[in-house]
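Notes for the one structure printed next.
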Amino acid sequence: MFNELTLALHVLLLVLIYFFLLVTIRVISKDLTLAKETGVAGGTPRIVLLTPEGSVSAVEYPIERQLLIGRSSDCDIVLDDTFASAHHARVYLADSGYWLEDLKSTNGTTVNGKPIKKPVRLTKGTEFKIGQSIFQFVVD
C-alpha cells in the first residue's frame, strides 16, 4: 500500500514538473516573439517618413527612448505641416515595446487609418499619420 502511494506521488510529481516546463517554454517563446515584433530585440527600431506614393523615403529617425513629433522646433521630428500640432504625438519605449501616443492634438493621429485615443503599441510595419505626413515603424 505504502509503495503504491509513493509511486503514485512520484508520477504526479513528474507530471507537474513536465507541465511547469511546458508552460515556461511557451511563455518564453511568446515573449521573444513579441520582443522581435516590437523591435526591443534585434535591429534598430526607427520611424521612416513615407512619400505620398507610399514608398519609403530617405528620411529615417532612429528611436532610443522617445521621439517627440510636431511643428515646434523643440520636437525630435519637426513637421512643416499646418495640420500638425506643435507637440502632436510621441513614440516611446515602455513595457518591452514601442508605443505611439497622441498628445491631445487638434486633428488627431491615425494608426493604419484609424484614429487613436490612447497609446497604441507599434509593431513592425505599423503606419501612422500625423497631419499630412505618413510614417512607418520599421525594425531590421
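Could you figure out which of (1) more than 22 Å from Thr44 (Cα to Cα); (2) open to solvent by 50 Å² or more (accessible area, probe 1.4 Å); (3) free of Cβ contacts under 8 Å to residues at least 40 places away in the same chain; (4) not basic (Lys, Arg) isn't true of Trp99?
(1)
Any idea which of Ile77, Ile25 is at pLDDT below 95 and surrounded by fewer than 14 Cβ atoms within 10 Å (Cβ to Cβ)?
Ile25
Yes or no: the stretch 29-45 includes at least one residue that is at pLDDT 90 or above and open to solvent by 80 Å² or more (accessible area, probe 1.4 Å).
No; the residues of the stretch 29-45 include none that is at pLDDT 90 or above and open to solvent by 80 Å² or more (accessible area, probe 1.4 Å).
If I filter the stretch 92-99 for residues that are more than 22 Å from Thr33 (Cα to Cα) and assigned to a loop (DSSP other than H, G, I, E, B), do I get at least one hit?
No, there is no match, as no residue in the stretch 92-99 is more than 22 Å from Thr33 (Cα to Cα) and assigned to a loop (DSSP other than H, G, I, E, B).
Which condition number in (1) surrounded by fewer than 17 Cβ atoms within 10 Å (Cβ to Cβ); (2) over 21 Å from the mean Cα position of the chain (by Cα) is the one that Pro115 fails?
(2)
Considering only the stretch 72-91, state which residues are in contact (Cβ under 8 Å) with a residue 24 or more places away in the chain and either of a type outside the set (Gly, Ala, Ser) or not in a loop (DSSP other than H, G, I, E, B) (or both).
Answer for the stretch 72-91, where residues must be in contact (Cβ under 8 Å) with a residue 24 or more places away in the chain and either of a type outside the set (Gly, Ala, Ser) or not in a loop (DSSP other than H, G, I, E, B) (or both): Ile77, Leu79, Asp81, Thr82, Phe83, His88, Ala89, Arg90, Val91.
Exactly one condition in (1) assigned to a loop (DSSP other than H, G, I, E, B); (2) open to solvent by 50 Å² or more (accessible area, probe 1.4 Å) is false for Arg121; which is it?
Here Arg121 clears every test but (1).
Considering only the stretch 50-59, state which residues are open to solvent by 40 Å² or more (accessible area, probe 1.4 Å) and either at pLDDT 90 or above or of a type in the set (Gly, Ala, Ser) (or both).
Matches in the stretch 50-59: Gly54, Ser55, Ala58.
The values are calculated or read from the model by the stated rules, or taken from the named source; none is laboratory data. From a predicted model like this one, the values you see are computed outputs, not experimental measurements. Backbone-built Cβ (ideal geometry, glycine too); neighbour counts: all protein chains shown. Just the protein is used for accessible areas: all its heavy atoms, side chains included, with ligands, DNA and RNA removed. Shrake-Rupley method; radii C 1.70, N 1.55, O 1.52, S 1.80 Å.
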